[in-house]
Amino acid sequence: MSEHPTDRLLARRHRVESPLTLVAVTRGSSGSAYVPQEVPIMRTQQESDHEGAAAGSDPPAASYRLPAGTIRPETALGQALLEEAYLKHDRPRCPCQPTGVPMYIAKVGARYLVKRMPDTGAQHALECGSYAPEDVSGVGQLLGGAVRVDPDSGQAVLRLGFRLSVGERAAPEGGGAADAHDSVTGSPKRLSLRELLDYLWHEADLVAWSPGMTGRRHWGLIAALLGQTAGAARAKGHPLTERLYVPEPFRLDRKAEIAARRLNAWQRAVARRGQTQQLMVLIAEVKAIEPARFGHKLVLKHLPDAPLFLAEDLHRKLTRRFADELDLWAAEEQGHLVAIATFTVGRGGSATAEEVALMPTTAQWLPYPDPYAKVLVQALVDQGRRFRTVPRFSCPSSVDLPVVVLTDCEEPQPLRVCVDSSSTDLEEPFLAGWEWTWHVAAAMPSLPAARR
Ligand SMILES: [Zn+2]
């Protein structure tokens, strides 16, 4: 029996966005990466869309279809059936479409998650939490090249364009991210550091916004979602979680305990005589960039006792390559600047960056590429709209991509910002049927109305 659209909307309105406790994101025995434990977590949008009943909201929870029957992943029975399906390589289907949209099962620690298959985001109903406009974003360009998904395990295999051990070929001059946004090849074979951040942010659905998320997106949640996403990815032959460090929320009363966990997680990147120096990847919010005794340092939020040191030439490259991002950050006091870096750890326990990339976000942690996009995103947040920001990855600038796709209209509504009207006016739009474009030389047109 098909569900009436109004029911789905109602279900969506009641969607669970309350803080929960995630205890299940754990790793195997080698134990180096930070494992969020008892982090208050808002479920991912996919999960919460399909778990309405878990927190006692009235509408029936949407669920996933398996050969064994319909399951809800948050229940013990759901987990047991997912485990069985995982071992048998059965594919759950999302019931948002009559025929069902294939999903995959990711095992993250001890927990089984149902996740969207890459490149199927646009097949989901607009109301479905798994909807993602991959057809009008740069994500599609990565698939099959820099990102390959093993259909059996559901693991994404990421090809990285930067090194994770000193034995590998050095990163390209200027940092791997240098050509990310002005590449003309269009189809990257490897992810730059900044593209890895964009990819994780996108897959963790941190590019999605709905008014119910107001005040709920805090660092503990972001760290947990990034950890979950990394848990379903491998790079250079290893689980990404072994190399990724995302600081847990800092608490003064647990300072020593947190520092001990961090040093433990960083063991892999400590220099050891007779062994190849390994690197780790850090994702954290930048608080300040300051001169240090030698070179400079990134002072990071939630890491008050562990700055990331930058050699002078890296600092120079960073300020040159990411001048626009730093400028956007300076101009937006409410916003955040997210850094992703590869780093090594000295014998004294301090972290030194090898490569750094930066991503400015709004106060809601939504990434934006320029001041116009920021104004647009802010207007949408202020008006209580539901939308997703669209990462470009290495799409050439000649390809028109929307900045945002509204998900609260009858159809996905791409919103485009045209910064250079002299050139882009002449080009064929990437997607036929653009309805909303803001030519920044003129006032911003009024936004398409939300469906009520
Ligand atoms: Zn769906």
Is it fair to say residue 163 is assigned to a loop (DSSP other than H, G, I, E, B), in contact with a strand residue (DSSP E or B) (Cβ under 8 Å, 6 or more places away or on another chain), farther than 18 Å from residue 300 by Cα and modelled with pLDDT under 95? yes
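Considering 100, 174, which residue is at positive phi, over 19 Å from the mean Cα position of the chain (by Cα) and at pLDDT 85 or above?
100
Being exposed (fewer than 15 other Cβ atoms within 10 Å of the Cβ) and either away from the ligand (no atom under 16 Å from the Cβ) or in a loop (DSSP other than H, G, I, E, B) (or both) is the filter here; which residues of the range 101-111 pass it?
The first filter runs over the range 101-111 and keeps only residues exposed (fewer than 15 other Cβ atoms within 10 Å of the Cβ), leaving 102, 110.
Answer for the range 101-111, where residues must be exposed (fewer than 15 other Cβ atoms within 10 Å of the Cβ) and either away from the ligand (no atom under 16 Å from the Cβ) or in a loop (DSSP other than H, G, I, E, B) (or both): just 110.
Please note which helices (runs of 4 or more DSSP H) are completely contained in the range 185-289 and include at least 2 residues that are basic (Lys, Arg). It would help to see each step written out before you state the result.
Values: elements: 193-203, 219-230, 255-265.
The helices (runs of 4 or more DSSP H) meeting that bar are 255-265.
Going by what's in this entry, would residue 82 be described as in a helix (DSSP H, G or I), more than 10 Å from the ligand (Cβ to nearest atom) and without any contact (Cβ under 8 Å) to a residue 12 or more places away in the chain?
Working: in a helix (DSSP H, G or I): yes; more than 10 Å from the ligand (Cβ to nearest atom): yes; without any contact (Cβ under 8 Å) to a residue 12 or more places away in the chain: no.
In short, no.
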Within the range 368-386, how many residues are buried (at least 18 other Cβ atoms within 10 Å of the Cβ) and within 17 Å of residue 198 (Cβ to Cβ)? 5
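For residue 179, state whether it is more than 22 Å from the chain's Cα centre (by Cα) and at pLDDT below 70.
On the way: more than 22 Å from the chain's Cα centre (by Cα): no; at pLDDT below 70: yes.
Judged against the criteria, residue 179 is not a match.
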Of these, 443, 357, which one is farther than 20 Å from residue 337 by Cα and modelled with pLDDT of 90 or more? 443
Where residue 58 falls short, out of the listed (1) within 26 Å of residue 413 (Cα to Cα); (2) of a type outside the set (Phe, Trp, Tyr); (3) at pLDDT below 85: (1)
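The values are calculated or read from the model by the stated rules, or taken from the named source; none is laboratory data. If you're wondering where the values come from, they're calculated on a predicted model, not measured in any experiment. So basically every Cβ, Gly included, is an ideal-geometry build from the backbone, and we count neighbours across all protein chains shown.
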